[in-house]
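A short write-up of the structure that comes next.
All of the numbers you see were taken from the coordinates with simple rules; none came from a lab. The structure presented is a predicted model; accordingly, all values stated were derived computationally and were not measured. Neighbour counts run over all protein chains shown; Cβ positions are idealised from the backbone, glycine included.
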Amino acid sequence: MGAHGIDTLRLSAEDALGLLERGEATSRELWEAYRAAIDAQNPELNAFLTLVDEPEGDGIPIAIKDVISTKGIRTTAGSKILEPYVPVFDATVAARCKAASMPCLGKTNTDEFAMGSSTENSAYGPTHNPWDLDRVPGGSGGGSAAAVAAGLAPWALGSDTGGSIKLPSAFCGNVGLRPTYGTVSRYGVVAFASSLDQVGPVTRNVRDNALLYRIISGRDVHDSTTVDVPPVLLPESEDLKGLRIGLPRQLNDLDGIEPGVKAAVASAIALAESLGAEIDECELPLSVDYGLPCYYLIAPAEASANLARFDGVRYGARSDGPDFREMVMRTRHDFLGDESKRRIMIGTYALSSGYYDAYYGTAQKVRTVIKREHDALFEKFDLLISPTCATTAFRLGEKSADPLAMYLTDVLTIPSNMAGLPGLSIPCGLSDGLPVGLQLVGPQFSENLLYRAGHALEGAIGFDPVPGRLA
Amino acid sequence: MSGETGVTWEPVIGLEIHVQLKTETKMFCRCKNGAGGEPNSQTCPVCLAFPGALPVPNRRAIEETVKLGLALGCTIADRAVFHRKNYFYPDLSKAYQISQYDEPLCSGGSLLVPTADGDIVIGITRAHLEEDAAKNVHVAASGRLHGATATLVDFNRGGSALLEIVTEPDIHSSEVAKRFLQLLRQTVVELGLSDAELEKGSMRFDVNVSVRPAGTTELRTRTELKNMNSFNFAAKGIEKEITRQVAIYESGGVVVQETLHFDPGNEESPPTRSKEEAQDYRYFPEPDLVPIYPPLELVEQLRQQIGELPSARIGRIADTLSFYDADVLVTGSLDRLWSAVVEAGADAKETANVLANAFVAAGIDPAAVDARELAKLVSARSEIPRAVFDEALTHLGDPGFSADPYVAQKAVSDVSELDPVIEAVIAANPGQAEQFRGGKEGLLGFFVGQVMKETRGKADPRVVSDRVRSKLAG
């Protein structure tokens, strides 16, 4: 039991809201309970990079991924190049949390510029998985996922480009939503790949997730790519009657899916059927074959331009040089990490004259193909289900020397991301004591449906989100 | 031009013009537009490219670009796209410029350039919208780039809306290039899009020059002339470059592709040259913005706002006056006043002369002038003393100006009043009178001048001249 008798490991955000509403706890007490948990566990988890010492707001506290600008609170994006950077403005999602009286607990660890699948690319050291400290929490949003799983925050904001919310949620036993592209503002979110980046909630359960999504979503005048969003409903239903669920063979039968993952997903599918869903196999061949390679052209290409602003001129770290060119080169050499440099080089190459058509141009066309392939499936199915990842959390250092193996971690989350579709990862059981993630993907703007299905399945699965070693 | 080898060389000139739109706010953020004020006082996270800041396009700027496109007879795109143009430079905060690439707002138009020998049509390849760069200030003891020890950046201008217009290589003389630029400037100013002031940099242009044997259609290696900030200077620069290229070909040489940078502060100094590096800007569609689909109704609405264009007006007025007069009136923004004065009863040619000469010299704002009063003045011009007329002109812009007191001071043409003065002058200058009678007709002016002096300029010189001649003959 934590400070003020508040059990941060088990308390949901909705429960916490109840405590506040009934006057059984104050916002300050909640804050202090989570802060005490952070003080106790963060040294071994490294989930937070920066802590806030004075809460602002009298609601439920929140942890915010360090790619999201927070006015007056250092925002590093996991990079040394932004080590001294303190934003003068709030990202729209941070402002919306503030408007909802949610005090920020601190900024959570991330792979540098959200480029990675394990949080090992953070310039500030990796985050450790609360279920097994020798394992990664997934990435890039490993800090937010670990914080929620270990009870250091009731909920958190993540950002997802290729799977950075869904994957860590799967590895840490959380519920994570990557929303439909355009439903959540990217204003103030340090850009990785603009056409793919999307902020979303990381929570302990599905209803909390809907609550937070309701707060952060909706059109924003500062982001031209946002749209109006249908009202977000809190899921109630316990069944899946009338839902047609497709199982894309290429996602479910992929080589390399661990037996324990397969088993947990299979039993979740059986439960879905028992809750009244119609289940059928389907095909998604092009999306799975081409999703990952196209992603690794488009995302680095956009990143190569997005990261070019880190030139040492206006903010952040700078290495001096005899002239502008030299100063920029030294600054970027000294303060950007290897993975960032790798992707800048890949992206620059993909956009170069003579290569554009073959690489970036073709990848964009394939993206349309991927979108159409998904659209066609949604004429027959309401939702698609697959594992979120082929494996459970791997060991720290296991893949860090092999970028390609690391990239393959996202092979199941990338296809729907490339199509701009929403995806919800919920825990569906354990494999060797580690959480397994179930990925639910729906058509654009189907978040309410994903929440309804996720909520019913969550009840049937009965997953205990408390890591065994902390229970 | 013709060279020593007997080959006639034809210049091939293309222009790329940048015009700063005078929108209230910048192109992609809501900072006040227009440089000035304390350095970096008109900035925000967007134009300073803070992490996560996103562009939101300025609707007004898009509308004004469409308007210019319509004025130039361009096709307005059903779908236009912003691209990122990537390069590192301290004045470019994002390290990419948001510009347009293969899907510009306007394409395929033309501008008619009337000349004394008929109209010349210059093709407009495209007109598109982009953002301006900030301003670098190089700091050194001398204040000049050479030996600079540091560069300061003022981002007040950074992110302003910039209109780019690119012509086809349809221009074949420096004179036409100059006239095209003048007319385009006049068009932009009249449409209210920009002040287009060269000195302030709100209009800038680059010139591509090559030459080829007349009669051929090949495009030879071109050089680019940058930073010329007056039309006359541009014409001279183009002329020199043509001569240089012809000389190279005539002596069997090859023109190298390069850029000639002029020093805007010092027109006398020769341009510095730089090899044109093959820049790879890695253009790709700006993912932070959605494509623009200009609605048809809006395009039509904007079309309605466009009045008769300067080149059309030159053509129309040249039917009444000479081409030269028409050109001066229109490019001097004087033709509307001219029409009004003529409408009020003044002679067309006389009015044009007054407006083109005296008026411009007096520096009067045409908009402040009462055309009917000016018409009265112009009509009485031959009957009032020159000094009185000039005096009247300087007061034309005064509120409530009336021509009446000036017209009332008509010159003295009454012979009975003038004859005694004339006779006295002849009597006082017997020597000159003798010479005149002996055939030295040039002395007529001397006598008229003496009479004018005696009458303090109030005499009508034409009457005086007639009377002097008949008195001396008689």
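Points to keep in mind about this one:
- Members of B:67/B:178; B:94/B:275; B:22/B:226; B:236/B:376; B:26/B:85; B:22/B:349 lying beyond 30 Å, as alpha-carbon distances in this model show: B:236/B:376; B:22/B:349
- The convex hull drawn around the Cα atoms of the stretch A:184-321, when projected onto a plane and averaged over every direction, covers 13.0 nm².
- DSSP bridge analysis restricted to chain B gives an antiparallel fraction near 95%, rounded to the nearest 5.
- Here the stretch B:93-135 is scanned for amide nitrogen atoms under 12 Å from the site 7 Å beyond the Cα of residue B:300 along Cα-to-Cβ, giving none.
- Degrees between helix B:174-190 axis and first principal axis of chain B (Cα, 0 to 90, nearest 10): 80 degrees
- Cα-based radius of gyration for the stretch A:162-253, normalised by 2.2 N^0.38 Å, reads 1.21.
- Ratio of Rg to Rh over chain B (Cα coordinates, Kirkwood Rh, two decimals): 1.10
- Length available on full extension from residue B:24 to residue B:273: 0.36 nm per residue minus the Cα-Cα distance, which gives 85.9 nm.
- Sum of side-chain charges, residue A:207 neighbourhood, beta-carbon under 14 Å (Lys, Arg +1; Asp, Glu -1): -4
- 10 Å beta-carbon shell around residue A:110, net charge (K/R +1, D/E -1): -1
- FRET efficiency estimate (nearest 0.05) - Cβ-Cβ, residue B:347 to residue B:398, R0 25 angstrom: 0.55
- For the stretch B:334-407, the normalised intensity computed at q = 0.14, 0.15, 0.22 Å⁻¹ comes to -0.34, -0.39, -0.92 (log10 of I(q)/I(0), Debye sum over alpha carbons, equal scatterers, no solvent).
- Sites residue B:5 and residue A:338 - FRET efficiency at Förster radius 60 Å, r taken between beta-carbons, to 0.05: 0.45
- Highest-first arrangement of B:216-228, B:150-162, where packing means the average Cβ count within 10 Å: B:150-162, B:216-228
- Over the stretch B:415-473, the ratio between the Cα radius of gyration and 2.2 N^0.38 Å evaluates to 0.99.
- Between amide H atoms placed 1.01 Å from N, distances below 5 Å from residue B:12 occur with B:210, B:211, B:212, all of them 5 or more places distant or on a separate chain.
- Averaged over peptide A:303-313, the number of partner chain Cβ atoms lying within 10 Å of each residue's Cβ comes to 6.
- The stretch B:131-137 - phi-based ³J(HN,Hα) in whole Hz, Karplus 6.51/-1.76/1.60, Gly and Pro as x: 10, 7, 7, 7, 10, 8, 10
- Virtual spin-label span in nm between residue B:471 and residue B:446, 7 Å along Cα→Cβ: 1.5 nm
- Rounded to the nearest 10 degrees, the inclination of helix B:415-428 to the longest alpha-carbon principal axis of chain B is 80 degrees.
- FRET E, pair residue A:238, residue A:376, Förster distance 25 Å, beta-carbon r, rounded to 0.05: 0.20
- Stokes-Einstein diffusion for the stretch A:54-125 at 25 °C, viscosity 0.890 mPa s, with a Kirkwood radius from C-alpha pairs, works out to 198 µm²/s.
- Degrees separating the helix B:231-250 axis from the principal Cα axis of chain B, which is the longest one: 70 degrees
- Largest first, the three principal axis extents of the alpha carbons in the protein assembly as shown are 135, 71, 59 Å in whole numbers.
- The peptide list A:232-238, A:46-52, A:264-270, B:342-348, put in order of mean Cβ contacts within 10 Å with the highest first, becomes A:46-52, A:264-270, B:342-348, A:232-238.
- Rg and Dmax of chain A, both derived from C-alpha coordinates alone, stand at 20.7, 70 Å.
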